[in-house]
Amino acid sequence: LENFFSGIIVLIGKQVRPGDTIEFGTVYGKVDKINVRATFIKTEDNALIAIPNTQIVSKEFRNWTLNGDIRRNQFEVGVAYGSDIQFVIETMLEIMNASNLVLKVIPPDVLFIDFASSAILLRARYWVHVGSRSISASLLRRRMEEVFRERGIVIAFPQLDVHIDNAAARPSLLPV
């Protein structure tokens, strides 16, 4: 009965409609259909998941397409200390601007995020159609790795320097 009334609220309220792309907990996909008991989500892996309407009404979820089909996507890149940061940022922007998946309505940007333990972290941010969010990040990362290699930009990796103090192992210079 609770799902029935929640289903009516979902159907009348229109905060979720068939065709919308939503994220509900760990579930991400398109709303396939809504009935009075459940909302059915088709994932990117083509699985059909039924979410009881009581959960749709009472829990937080994201509707990525309720106000349009574009969203900002982002990912981080770590470059080695000593890199020319301005050159790296310009290279990243060049790659994003050259991609046909990145929307030009709002220009992409790159933020300097942090001095991490093994890298200088930069965040690439760009606008994309919701359906291209996963593939766009993958293609941009692949292109960045390729161009970075060509231009001598080093992608950082965790490193650890170990210094051993041999003082205890050295023979004493003082007479015994």
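The values are calculated or read from the model by the stated rules, or taken from the named source; none is laboratory data. Keep in mind that this is a model prediction, so the values were computed, not measured. With ideal geometry, Cβ positions are generated from the backbone for all residues, glycine too; neighbour counts draw on all protein chains shown. Calculation scope for accessible area: heavy atoms of the full protein, side chains included, ligands and nucleic acids excluded. Shrake-Rupley method; radii C 1.70, N 1.55, O 1.52, S 1.80 Å.
Please specify each residue of region 21-46 satisfying the condition of being part of a loop (DSSP other than H, G, I, E, B), in contact with a helix residue (DSSP H, G or I) (Cβ under 9 Å, 6 or more places away or on another chain) and under 19 Å from HIS129 (Cα atoms). Across region 21-46, the qualifying residue is only GLU44. Filtering region 48-64 to residues that are in contact (Cβ under 8 Å) with a residue 12 or more places away in the chain, farther than 10 Å from VAL16 by Cβ and in a loop (DSSP other than H, G, I, E, B) leaves LYS59, TRP64. When GLU60 is tested against the conditions (1) open to solvent by 30 Å² or more (accessible area, probe 1.4 Å); (2) modelled with pLDDT under 90; (3) over 24 Å from the mean Cα position of the chain (by Cα), the lone failure is (3). The number of residues in region 95-126 that are open to solvent by 90 Å² or more (accessible area, probe 1.4 Å) and in contact (Cβ under 8 Å) with a residue 40 or more places away in the chain comes to 1.
Restricting attention to region 70-93 and to residues that are loosely packed, with under 15 Cβ neighbours inside 10 Å and within 20 Å of the chain's Cα centre (by Cα), the residue that is nearest to VAL10 (Cα to Cα) turns out to be ARG72. Filtering region 1-29 to residues that are charged (D, E, K, R) and open to solvent by less than 30 Å² (accessible area, probe 1.4 Å) leaves only ASP20.
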